[in-house]
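To keep things clear, I will list the structure first and then write my remarks on it.
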Amino acid sequence: MKRLILAGIIGGVILWIWGLISWTVIPLYTPTMRNIPNEDVVVETLSEYLSIKSIYIFPGLPKEDDQYSRDRWAEKYKRGPIGMIIYNPVGADPMMLGQFLIGFIIFAIASYIAAWFLSRSTAAMTSYLSRVTYCGMLGIFISLPTHLSAWNWMGYPFDFTTAMVADVVFGWIFAGLGIAGVVKSSQ
């Protein structure tokens with residue numbers, strides 16, 4: 001149990017540092033997110049009509065459950081534009097300590113779970129490289145139902161999706177370097 005907790009902490013630290021690097025040092029996401037032209041006008045319009053923190057979609061889903069409403073929605077969807085806005089009407093500090101702390105806790109819990117999975121797999125009885133590879137495969141596994149699914153169903157741009165997948169896979173390979181050093185067949 002102590003080894004799994006240690007592996008979780010080590011993996012959490014590595015994932016946290018990798019996240020900092022992938023978002024601030026490496027230009028992984030920079031080309032995938034674009035500024036809104038005429039941002040002040042767009043934000044003013046959003047502020048006028050949106051007051052609740054939420055995810056807003058357009059075209060909006062039909063409010064009535066009848067064929068006419070569904071057909072109208074389908075026509076708007078085919079015509080475009082289509083999109084999603086993640087919106088918070090209240091500002092915040094862009095570098096909130098609480099977010100960094102919660103991010104680390106999430107990574108540490110995920111790393112603990114990965115270490116637990118690894119400790120119960122046949123990979124735990126093999127080489128260090130095989131254990132690292134196991135963790136990297138977890139990154140691929142995580143990306144399939146999350147980022148690739150969002151690309152498929154929600155229309156996320158492919159360049160953003162590939163950046164997210166690369167971020168997750170490399171993050172778990174790097175975390176695996178630490179986790180695999182702690183989780184061994186001797187448990």
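Odds and ends about this structure:
- Restricting the range 143-187 to residues that are surrounded by fewer than 15 Cβ atoms within 10 Å (Cβ to Cβ) and aliphatic (A, V, I, L, M), the residue that is modelled with the lowest pLDDT: 154
- From the list 95, 137, the one residue that fits, being on the phi < 0 side of the Ramachandran plot, surrounded by fewer than 17 Cβ atoms within 10 Å (Cβ to Cβ), free of Cβ contacts under 8 Å to residues at least 60 places away in the same chain and part of a loop (DSSP other than H, G, I, E, B), is 95.
- Reported count of residues in the range 90-117, each being more than 22 Å from the chain's Cα centre (by Cα) and at pLDDT 95 or above, is 0.
- When residues in the range 10-57 are screened for being assigned to a loop (DSSP other than H, G, I, E, B), loosely packed, with under 13 Cβ neighbours inside 10 Å and of a type outside the set (A, V, I, L, M, F, W, C), 7 of them pass.
- Count of the range 147-161 residues which are free of Cβ contacts under 8 Å to residues at least 12 places away in the same chain and either in contact with a Cys (Cβ under 8 Å, 6 or more places away or on another chain) or polar (S, T, N, Q) (or both): 2
- Looking only at the range 58-89, and only at residues there that are open to solvent by 100 Å² or more (accessible area, probe 1.4 Å) and either touching a Cys at 6+ places or on another chain (Cβ under 9 Å) or of a type in the set (A, V, I, L, M, F, W, C) (or both), the one that is farthest from residue 33 (Cα to Cα): 61
Residue-wise test of (1) under 30 Å from residue 174 (Cα atoms); (2) touching a residue at least 12 places away in the same chain (Cβ under 8 Å); (3) touching a Leu at 6+ places or on another chain (Cβ under 7 Å).
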residue: 9; (1), (2), (3): yes, yes, no
residue: 17; (1), (2), (3): yes, no, no
residue: 29; (1), (2), (3): yes, yes, no
residue: 35; (1), (2), (3): no, no, no
residue: 44; (1), (2), (3): no, no, no
residue: 51; (1), (2), (3): no, yes, no
residue: 54; (1), (2), (3): no, yes, no
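The values are calculated or read from the model by the stated rules, or taken from the named source; none is laboratory data. Please read these numbers as outputs of a predicted model, since none were measured by experiment. With ideal geometry, Cβ positions are generated from the backbone for all residues, glycine too; neighbour counts draw on all protein chains shown. The accessibility values were calculated without ligands, DNA or RNA, using every heavy atom of the protein model including side chains. Shrake-Rupley method; radii C 1.70, N 1.55, O 1.52, S 1.80 Å.
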